[in-house]
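In what follows, a structure is listed as structure tokens, so that the remarks can point back to it.
The values are calculated or read from the model by the stated rules, or taken from the named source; none is laboratory data. This one's a predicted model, so the numbers in the text were calculated from it and none came from an experiment. Glycine also receives a Cβ, built like all others from the backbone with ideal geometry; neighbour counts cover every protein chain displayed.
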């Protein structure tokens with residue numbers, strides 16, 4: 001690698017140019033070229049190899065407050081990366097180390113070492129650190145096992161079944177002896193969920209008879225609903241939830257693009273009534289809370305599952321940073337099947 | 001006791017005459033006099049001494065389904081009673097035994113022994129088996145400790161602070177080292193909550209500045225909200241809930257009298273967004289699920305607390321079965337401070 005070029009070259013980055021109202025558009029983003037910064041004592045310089053695109057990014061584009069700070073206008077878009085140390089003035093890292101971090105939408109990132117996760121030197125498929133063995137995989141594992149607590153014979157339902165989180169939820173549920181029912185947009189995604197990912201069934205939420213098909217696929221009701229979409233899917237799931245059902249809540253992608261008040265009727269009283277009548281637990285969680293306590297347990301359990309091919313996901317690799325804005329827009333529009341990463345180097 | 005009279009006398013009972021729409025009215029109930037039934041082999045006859053009045057009764061007057069079967073039109077209203085065995089053809093019970101059971105709104109009840117809880121022979125204040133040491137006390141104990149999990153220094157909020165459930169929640173929270181903030185209707189109830197029950201503060205939900213006062217009383221936010229009312233109180237509590245807050249949900253009295261669709265805006269998306277952003281747990285529970293597992297633990301912990309006066313509640317004793325309908329109507333209209341029982345005998 002020609003680090004000399006990198007060190008004296010250009011950092012290409014994408015900043016938030018405007019806050020979207022509703023769906024983001026390309027003009028909300030701006031590609032900039034700035035000098036690559038030099039690390040001071042205690043810092044290191046990262047060359048970002050892969051950038052992860054994820055639904056939560058839409059939330060960060062809104063004005064705060066949310067569970068994480070909003071991206072400021074003019075600031076680099078946030079995002080997880082797999083990165084390589086190319087210059088280090090930090091005692092714990094040396095050039096050539098590969099790490100997973102929040103490098104953002106840019107080719108180079110300066111770091112003080114905080115929050116860097118060192119990847120094993122022999123790891124070959126390093127982009128998996130952004131999917132199965134990274135934040136989305138950990139999200140699925142934590143929410144399903146720590147909050148959903150699926151038992152053998154339970155019925156587990158998850159939407160976005162072909163996305164990384166949904167795919168891992170479904171495959172983990174099967175490994176625990178539960179039935180796994182996926183929800184996805186379109187016949188092709190549903191086919192992949194069943195044939196490639198092993199779901200027992202997958203329902204197309206665009207079908208006019210979606211609620212009826214979901215009911216038919218869950219004849220014994222639903223014990224765990226892993227909520228990562230919100231909206232109409234939740235409405236169809238609610239009447240199917242069994243007594244004692246658990247609803248880990250990690251995302252509401254159907255709401256991210258909405259703004260202001262929602263038209264009536266007010267669904268809250270009915271939902272609360274159902275929570276009471278059927279002793280249902282809904283629990284929100286943010287995976288960044290749980291790295292210290294549970295990430296090592298996750299990796300110990302998941303690494304062999306992934307290595308043996310028991311748990312997998314499709315990976316879409318976009319080429320070049322400039323593809324990131326349209327990639328996120330397409331992702332939010334459900335145009336991908338599987339994980340989406342942007343390869344930042346040739 | 002003149003058991004001869006009872007055995008050959010009249011069972012006075014109140015049946016559901018009409019399903020209320022909204023608030024119940026006296027004409028929804030009908031007082032009947034029927035012959036006292038005679039126990040067959042394996043049965044026993046109970047003379048009911050005290051009838052408990054509770055908010056959940058309103059829900060049972062609706063057409064099902066709810067978490068418990070609806071009371072059929074023409075059937076005796078359901079209700080917990082402290083009762084005395086006056087004739088027994090059951091091997092486990094003898095005349096003179098006092099039990100807590102679901103005797104219903106009537107002076108005499110035939111039983112096959114199922115679900116009868118024998119009271120200690122030396123228990124003097126037997127009506128407490130319907131409040132502090134019965135279902136409402138167990139509801140408060142289970143929901144607060146098993147779902148709410150209050151820690152020292154936490155802020156615990158409960159509505160209907162002077163009702164049995166609310167009073168026990170507040171006093172138990174204090175015993176666990178938490179701050180206890182009550183919500184009640186009117187200055188007099190709030191005074192009682194603070195002066196008699198030991199709440200750190202109590203907010204009058206009828207005050208025009210209710211939300212502002214609640215915020216002022218919870219400067220460090222709310223860690224546990226014991227939800228037993230729903231409606232506007234929940235709306236004021238929601239923005240005060242801290243990260244990781246727990247919401248045991250055991251009742252929605254503000255909804256019991258409502259029917260049909262609720263006008264917009266739809267509050268559900270905002271609530272779900274808050275659950276996610278602040279990692280909040282809402283969990284419904286029905287106390288009848290937990291007698292087998294936890295009632296003995298409850299009694300072991302609570303009996304000495306009640307005996308020593310550390311946990312208490314006001315008791316309103318109505319005289320005579322005919323007072324029960326208006327008593328329930330008044331209870332649903334928040335006209336009582338404390339527990340409401342009907343004494344069925346002179």
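A few points about this structure:
- Checking A:251, A:284 one by one, the residue that is within 9 Å of chain B (Cβ to nearest Cβ), modelled with pLDDT of 95 or more, over 17 Å from residue A:221 (Cβ atoms) and touching a helix residue (DSSP H, G or I) at 6+ places or on another chain (Cβ under 8 Å) is A:284 and no other.
- Considering segment A:54-75, and only residues there that are in contact with a strand residue (DSSP E or B) (Cβ under 7 Å, 6 or more places away or on another chain) and crowded, with 19+ Cβ neighbours inside 10 Å, the residue that is nearest to residue A:38 (Cα to Cα) turns out to be A:71.
- Of all residues in segment B:292-311, none are surrounded by fewer than 19 Cβ atoms within 10 Å (Cβ to Cβ), more than 28 Å from residue B:172 (Cβ to Cβ) and either modelled with pLDDT of 95 or more or outside the structural domain of residue B:139 (by TED's automatic domain parsing) (or both).
- Count of residues meeting criterion [under 26 Å from residue A:64 (Cα atoms) and part of a loop (DSSP other than H, G, I, E, B)] in segment A:6-35: 9
- Criterion (in the same structural domain as residue A:194 (by TED's automatic domain parsing) and closer than 30 Å to residue A:109 by Cα) met by exactly one of A:264, A:338, A:284, A:251: A:251
- Of B:231, B:244, B:221, B:260, all but one fail to be at pLDDT 95 or above, facing another protein chain (nearest Cβ under 10 Å) and surrounded by fewer than 21 Cβ atoms within 10 Å (Cβ to Cβ); the exception is B:244.
- 1 or more residues closer than 23 Å to residue B:215 by Cβ, free of Cβ contacts under 8 Å to residues at least 12 places away in the same chain and out of contact with any helix residue (DSSP H, G or I) (no Cβ under 9 Å at 6 or more places or on another chain): qualifying helices (runs of 4 or more DSSP H) within segment B:96-203: B:187-195
- Total residues in segment A:36-78, condition part of a strand (DSSP E or B) and modelled with pLDDT under 95: 0
- Checked against the criterion of being within 14 Å of chain A (Cβ to nearest Cβ) and touching a strand residue (DSSP E or B) at 6+ places or on another chain (Cβ under 9 Å), the candidates B:343, B:326, B:319, B:274 yield just one match: B:274.
- Filter result for residue B:230 (on the phi > 0 side of the Ramachandran plot and not assigned by TED's automatic domain parsing to the domain that holds residue B:333): yes
- Considering B:293, B:289, B:266, the condition of being without any contact (Cβ under 8 Å) to a residue 12 or more places away in the chain and more than 7 Å from every other protein chain (Cβ to nearest Cβ) is satisfied by B:293 alone.
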